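The structure appears below as structure tokens.
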Amino acid sequence: MSEIERAADVLRAGGLVIFPTETVYGVGCDATNAEAVARLYAAKGRPHFNPLIAHVPDLAAAECEARLHPKARALAERFWPGPLSIVAPRRAESTVAELACAGLTTIALRAPSHSTARALLKAFGKPIAAPSANRSGRVSATTAAHAAEDIGASVGAMLDAGPSPIGLESTIVSVDDNGAATLLRVGAITRDEVEAVTGSLSLARGSIEAPGMLASHYAPRARLRLDTGAPRVGEAYLAFGSQAPAGGLTLSASGDLVEAAANLYAHLRALDATGAEVIAVAPIPARGLGEAIRDRLARAAAPRT
Ligand code: TXA
Ligand code: MG
């Protein structure tokens with residue numbers, strides 16, 4: 001039996017599977033099995049009011065779960081399979097467990113492009129509920145080893161396909177029955193790219209509609225000091241656009257934001273592991289993927305609750 005088939009069997013039995021996506025690693029379960037979803041929340045240490053993304057193979061599968069306004073459909077046609085999650089009104093016929101949607105009247109759906117994720121969805125044949133494969137509130141896992149470190153003890157199978165190609169979570173956009181589009185989380189797809197499809201796009205910053213929007217989230221143990229040109233004595237340094245000084249790491253020596261996004265979480269974990277109390281971070285430009293990188297850094301730096 002292939003590794004994929006074995007992982008699909010774990011899902012069928014109500015177990016948890018760590019699997020790669022193009023954004024970050026996910027820890028998935030059968031989205032239609034409420035007991036499996038409850039096990040997943042427990043493994044994550046996630047507050048129950050935080051809803052999960054249901055992963056589906058394509059637009060047709062998404063239409064079975066949600067009412068998609070033409071604007072939502074246009075987003076799916078433009079960006080799926082890929083790093084976009086669409087929040088839309090949930091259909092009464094949806095097979096996804098209510099617990100996965102945390103009792104909301106909406107559901108988040110995403111068709112990932114990663115070949116391993118797609119193979120798993122195909123082998124399983126039902127939606128897979130999957131948050132990022134980290135303990136709640138911690139930096140997302142971008143390697144199988146990091147996922148295993150955080151929640152490996154709770155899973156029945158793990159699919160390792162090397163480092164996540166993008167390294168930042170999906171962009172989340174909600175589209176209601178009237179076609180009103182709201183950006184809930186900036187991510188791999190930029191605001192401009194979304195807006196080019198939806199036309200008007202409101203920003204939901206500061207709301208807790210999506211927990212990825214909680215002020216303190218994606219946090220390492222160390223405190224972060226942002227937009228700093230150089231580290232102080234004793235601080236670890238996360239550089240950008242140059243080589244890092246000894247003991248530091250650079251997100252991208254050449255100033256490439258795509259490379260920086262892919263390195264962000266692994267570098268934060270590595271600098272955290274040095275035991276430094278403070279990680280000083282170089283200024284990151286706010287253009288393109290820089291907006292999402294700055295968003296995650298700001299949340300990682302926010303006072304812990
Ligand atoms: O890239 C990704 O999106 C990764 C990979 C594994 O697909 N997943 C991920 O899941 O980042 P998670 O659970 O860490 O973040 C999902 C976000 C949460 O902030 C959650 O609140 C939001 O999606 N969300 C889910 N359902 C929602 C809904 N009905 N309304 C608003 N926000 C929702
Ligand atoms: Mg997460």
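The values are calculated or read from the model by the stated rules, or taken from the named source; none is laboratory data. Bear in mind that the values here come from a model prediction, so they are computed numbers and not experimental data. Cβ: placed from backbone, ideal geometry, glycine included. Neighbour counts: every protein chain shown. Note: areas computed on protein heavy atoms with side chains; ligands, DNA, RNA excluded. Shrake-Rupley method; radii C 1.70, N 1.55, O 1.52, S 1.80 Å.
Quick notes on this structure:
- All Cα-Cα separations within the chain were binned at 20 Å from zero, giving a P(r) of 35, 57, 7, each value a whole percent of the pairs.
- Rolling a 1.4 Å probe over the protein heavy atoms of the range 7-157, with every protein chain left in place, gives an accessible area that is 54 percent carbon and sulfur.
- Cα gyration tensor shape of the range 1-143, rounded if a/c is under 1.5, else prolate or oblate by comparing a/b with b/c: rounded
- The distance between label points at Ala42 and Gln243 comes to 5.1 nm (points 7 Å beyond Cα on the Cα→Cβ vector).
- Difference of contour (0.36 nm per residue) and Cα-Cα distance, Ala34 to Asp58: 6.4 nm
- Nearest-0.05 FRET efficiency for Ala204 and Ala253, computed from C-beta distance (R0 51 Å): 0.90
- Given 11 as the ceiling on other Cβ atoms within 10 Å, longest exposed-site-free region of the chain for GluC sites (Glu not before Pro) in DSSP loops: 94-276
- Diffusion coefficient of the range 73-151 by Stokes-Einstein, Kirkwood radius over Cα pairs, 20 °C, 1.002 mPa s: 149 µm²/s.
- Charged neighbours of Arg304, selected by a Cβ distance under 12 Å, balance to +4 (K, R count +1; D, E count -1).
- Separation of alpha-carbon centers, the range 114-137 and the range 1-50, rounded to whole Å: 7
- Over the chain, DSSP H runs of length four or greater, each weighted -39,500 (n - 2.57), average out per residue to a 222 nm ellipticity of -9000 deg cm²/dmol.
- Length-normalised contact order for the chain - Cα pairs under 8 Å, 6+ apart - percent: 19
- Lysines with Cα under 26 Å of Lys44, excluding same-chain neighbours fewer than 8 positions away: Lys122, Lys126
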